[in-house]
Ligand SMILES: *Cc1c(COP(=O)(O)O)cnc(C)c1O
């Protein structure tokens, strides 16, 4: 069976974990954490980068920093992972779901303004498949209505919008290093803060509501409980693993792009024959090859293609189930289910193909061929 995903080692991951242990510190905010954060701030010009234990945690920190409260509304695309909404419902927010674009599973930027009310506090956008949303539209509508923007950039490391790194444009960005992402540490995440007013408080919330970070920087002479917070920082073992991956960011991205391009080249003929849709890339966006997906005509064809691939020992998967129809949302909302046809279509028709660092190009070619045979 060719798996859908496989964790991988590219460099000194195990060596660095051992080094962290021998250094005598494996709790959070040590040398490897600082190295990772410096790497992100330097390479991607984030004003502040804080490692977290997951992207979910990074989104929760953003929700806390924006003081999201019951009664506030947050706009979130329906076609996304649970966390993009969950992090805000935990603070009591009401989620208003937005539909996907017709040509891309990401949020329909032009639909956002109609969803804004005087209770809207934030817009969460998701750079689906690592492909940028049209951030000029998003930032302009947010500015006009005085609303915060959170980039759920879980899939979007080393990807760009008009030359700007994703995660550096909104007030906050959240990345994931879950084992299914481009750069991995098992579980892991990053909060980026691009609005400086939030930086000091972010360090407090990150360290269990204490001013421990300021204490270690020598800014205060004792530390204690000063605010709300949680234990959002990962251990040095995670940071050590992550740093070894970051040292090979270029190789990882190059390998993923090679696989992505192989799929695209081999499957484009099906798109030309109108049998299957492939990912589209707007001219303002780059491709970080986070994901290769195809979109079928309907759910029956989607299920048949997944079964055909499985019969040929290839594990492909469908992706999100629209959140506006989820049990949690419908059970906790007393309003009619929103009508979001594009989110439903991607729920029914999108298939993700295997894409991981150690996937052989020959296997990618074989997968593409197996798909072509399905349509013969
Ligand atoms: C993976 C993912 C998350 C969750 O990341 P974790 O690190 O597992 O919390 C959130 N949003 C999107 C869009 C994702 O792809």
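We did not get these values from a lab; they are worked out from the coordinates using the rules stated. This one's a predicted model, so the numbers in the text were calculated from it and none came from an experiment. All Cβ positions, glycine included, derive from the backbone under ideal geometry; neighbour counts span all protein chains shown.
For region 249-375, what log10 I(q)/I(0) values come out of the Debye formula at q = 0.12 1/Å, with one point per alpha carbon and no solvent? Ignoring solvent entirely, the Cα scatterers give -0.53.
Take the convex hull of the alpha carbons in region 92-177; its mean projected area over all directions comes to 5.8 nm². Across region 299-373, counting alpha-carbon atoms alone, Rg and Dmax equal 16.3, 51 Å.
Got the relative contact order for region 249-375 handy, in percent, Cα pairs under 8 Å and 6 or more residues apart? Write out the running numbers ahead of the final one.
Details: 141 pairs, mean separation 45.8, N = 127.
Over region 249-375, the number comes to 36 percent.
Once the cut-off is 27 Å, how many percent of the Cα-Cα pairs in region 5-163 end up in the long-distance tail? I get 32 percent for the Cα pairs in region 5-163 exceeding 27 Å.
Which order results if 97, 375 are arranged by neighbouring Cβ count within 10 Å, fewest first? Don't skip to the answer; put the middle values down first.
On the way: 97 23, 375 14.
So the residues, fewest neighbours to most, are 375, 97.
On full extension, the segment bounded by residue 1 and residue 139 gains 45.3 nm, given 0.36 nm per residue less the C-alpha separation.
Figure legend: label point modelled 7 angstrom from the Cα of residue 8 along Cα→Cβ; residues of region 279-323 with amide N under 17 Å from it are 288-293, 315. Adding -39500 (n - 2.57) for every DSSP H run of four residues or longer, then dividing by how many residues the chain holds, sets the calculated 222 nm ellipticity at -12000 deg cm²/dmol.
What do you get for Rg/Rh over region 240-295 if you use C-alpha atoms and the Kirkwood form of Rh? Rounded to two decimals, Rg/Rh equals 1.10. Using 7 Å Cα-to-Cβ label points, what is the residue 297/residue 327 separation (nm, one decimal)? In this crude spin-label approximation the distance works out to 3.4 nm.
Need one number: convex hull volume per residue for region 1-62, Cα atoms only, in Å³. Walk me through the numbers on the way to the answer.
Values: hull volume 9.1 nm³, N = 62.
Looking at region 1-62, the number lands at 147 Å³ per residue.
Among 73, 196, 151, the residue with the largest mean-square fluctuation in a Gaussian network model of the chain, with springs joining Cα atoms closer than 10 Å, is 196. Nearest 0.05, what FRET efficiency do residue 249 and residue 215 give at R0 = 35 Å with Cβ-Cβ as r? With R0 = 35 Å, the Cβ-Cβ based efficiency is 0.60.
Return the equivalent ellipsoid semi-axes of the chain as a descending list in whole Å, where each equals the square root of 5 times an eigenvalue of the C-alpha gyration tensor.
Values: eigenvalues 236, 148, 56 Å².
Equivalent ellipsoid of the chain: 34, 27, 17 Å, largest first.
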